[in-house]
Structure formats: C-alpha cells, structure tokens
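Below is one structure; the comments refer to it alone.
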Amino acid sequence: MRDFCTTWWRRIATRDMAFIGILTLLASCVASWLKQFPGFSLFGALIIALLIGMAVQFPIRSRYVGASGERKAGVKDAAGLISNKLLRLGIILLGFKLNLQVLFTQGVKCLPIAAVVVTLTIIVCYAIARRLGVDPQLAILVSGGTGICGAAAVMGLSGSIKVPPEQEDEKADSEVMAVAIVAIMGTVFALVEIALGPLTGFTATQLGITAGASLHEIAHAVAAGAAFGAVDIATIMKLSRVLMLVFAAIVIAIWWDRNHSTVPADGKRKVAFPWFMLGFIGASVIGTFVPFVASIAPQLVDAAYIVLGMAMAALGINVNFKAIAKRGRKALLASFLTSVLLMCFAAGIAALFF
C-alpha cells in the first residue's frame, strides 16, 4: 500500500501535472462560460473544451515543452491521467442529472423506445463502419456516440475497451475522432431537424420526441426541443437514451473481451468492466431519492461538466491530427449514414406512438 501511494504521489506531484491540471481547468471553465452564447450552445461545453485543448497543444509544444524530451513525456502522462481518471469521476457525477422518478413516470413510454433506438443504432452504425473498413475500436466508439449521448458516451464506452499499453495512443486518437465525428453529425442534424421540423406537420410533442430520440448530444436535443417548444419531452427522451449508457457499457465490455481482447500468457481473460457506471447509477438513485442531495443536484451536474471538460481538454492536448485525417473519413461517413436512418426511424416512432 505504501509503495502504491508513493508511486502515485510521484506521478501526480509534478510541475507538468500542475501545469496541465490548471490549463485544463481553465479550458473547462471557459467552455462552460462560452456555452451560454448562441452558436456555442449547440456544441455544448464538452466539445468546446476538446477544441480548446486541441488548439493549445501547439503553444504547449513550442513554448513549454520545446526540445525537452522529459517535459514532453511529463505533459503526455499528465494529460493522459487527467483524461482517464477525471472522465470516470465526471461520468459518475453526471448521474445526478438523471431523475429516475421522472424517467419512470413521465418517461415510461420513452424508456423502451430508447432501448430499441440505442440497440439498433449501435448495431447498424458498427456494421456500416466495419463494411467501410473502419477498425473495430473506432467503429464501436462512433456507434456508441451516435446511438447514446455523444461525447459522454464515447468516453464512457472507452472504459469498456481494454487494450495493451502500446495501443493506448491509438485508443486516445480513436476517442478524439469519435467525439469529433458525433459532434459534427449532431450539430448538422440538429440544424436539419430545426429547419425541417415545422414542414412535417408534426405536433410539438412529436418533434420533441424525434429530437430526443435522434440527436447526439444533450445540448443538441435541448436546442432542437426549445426551437419546437417541446424542450421537456425532448430532454426526457434524450435522458432515457443516456440511461442506456450503463447497459451498453457492460454489454460492450463483455463483447470486446470475447472478440477483440488480447489473452494473457496465463490464459486468463480480464474483462474491462466499467465499474464507474455503477457509480453513475448510484448517483442517479441518490440524486432522485435523497432530498438534500436532490436539492443540490444542479450544482453537482455543473461540477460534472467541469470535470468532464477537463478530461476533454486533456484529450485534445494529446490528439494526433495526422491520425484523425487518415482514419476519420470513413467513420464520419458511417455516422452520417446512420444518423440519416436514425432521424427517419425516430420520426416514424414519434408519428406512431405520440
């Protein structure tokens, strides 16, 4: 235990960790401030934080790292640690956003729809991506982000994917690519639905259900729902999909282990079970049924987005732009085709059941 604590203290108590920690915190706070303005609100704080992280990596390299190999390694390790550990903390805190009482009463009709939408979207998007030649890791992350809740789903599902140490950089690049892809697709289709919605003849409730069942980020669903005067039902439908992240993470962990995990020499397989998802559910239960915690749930959710924003900014600092340019195009096409099908399917469900 003493050796464990000493090892982690040496890794955390460094100048590079302090520098990257402060930088990512500032990036997250700026992103949270910017999201209140028109245009920025459509992207959401997490995507903005990722973009800030991607932008600041250049001055970090030129002014802070320079020719120092030791400092380069320190920055990479610090950003990797923040993106990995704070991600899990942020996902747990995000559970306070899920009011289970609302979901299981007002949203009782939305939950089975969410289960079907998420399952079919992940399966279809993954099949299309693999047919186009996208590697399994990127394909499943893009599929999860498209089907569940954008950037938070990508980062949450990445915890279900166990890779050898030498593939960690590739995994980080896949995470950034998947987040960027679902951000682009979500924004494009939010604008499309806002433009086409009034022309469909749908009621406000039907338009809200369509937005909540098809758009990628919570910010996209809220923006479209607000445009239709149906922000409440759009949010409930979207949060029903967010709840599916727990089940998807567990299923994907088992699936990845059986189909893509490397078997150790001793023959034992280790499933990368996303334990932090249990914290997510625990936070949802506490935030729903404990009055004191329920009263401060909005502040805890704000804290979740700050923490997740730090993780996203740290991810952006380590991003490999060449890898994105080389590997991201086919995954983008797969997400686009799936998003078209998802929008049509969601509209059909809204017309039939609402």
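The values are calculated or read from the model by the stated rules, or taken from the named source; none is laboratory data. On a predicted model such as this, the values are computed, not experimentally measured, just so you know. Cβ coordinates were reconstructed from backbone atoms using ideal geometry, including for glycine residues, and neighbour counts include every protein chain displayed. SASA here: full protein model, heavy atoms, side chains in, ligands and nucleic acids out. Shrake-Rupley method; radii C 1.70, N 1.55, O 1.52, S 1.80 Å.
Some notes on this structure:
- Cα-projected label distance for Thr14 with Val340, points at 7 Å along beta-carbon direction, nm: 4.7 nm
- Paramagnetic reach from Cys29 in the stretch 279-311 [backbone N under 17 Å; point 7 Å along Cα→Cβ]: 302-311
- Full-stretch length increase - Ala127, Val188 - with 0.36 nm per residue and alpha-carbon distance subtracted: 19.7 nm
- Simple Cβ-charge dipole of the chain, Lys/Arg +1 and Asp/Glu -1, about Cα centre, in debye nearest 20: 580 debye
- Dividing the Cα radius of gyration of the stretch 73-198 by its Kirkwood radius returns 1.02 for Rg/Rh.
- For Thr205 and Ser295, the difference between the fully extended length at 0.36 nm per residue and the C-alpha to C-alpha distance is 29.6 nm.
- Using alpha-carbon coordinates, inclination of helix 321-353 to the longest axis of the chain, degrees: 20 degrees
- Comparing Pro59, Trp33, Phe228 along the charge dipole axis of the chain, the residue lying farthest to the positive side is Pro59, per the Cβ-charge model.
- In this Cβ point-charge picture (+1 for Lys and Arg, -1 for Asp and Glu), the stretch 128-204 has a dipole of about 340 debye about its Cα centre.
- Using 0.36 nm per residue and subtracting the Cα-Cα separation, the extra length available between Ser62 and Lys109 on full extension is 11.5 nm.
- Heavy-atom SASA rank of Phe96, Phe289 (probe 1.4 Å, accessible area, largest first): Phe289, Phe96
- Cα gyration tensor shape for the stretch 172-251, rounded if a/c is under 1.5, else prolate or oblate: oblate
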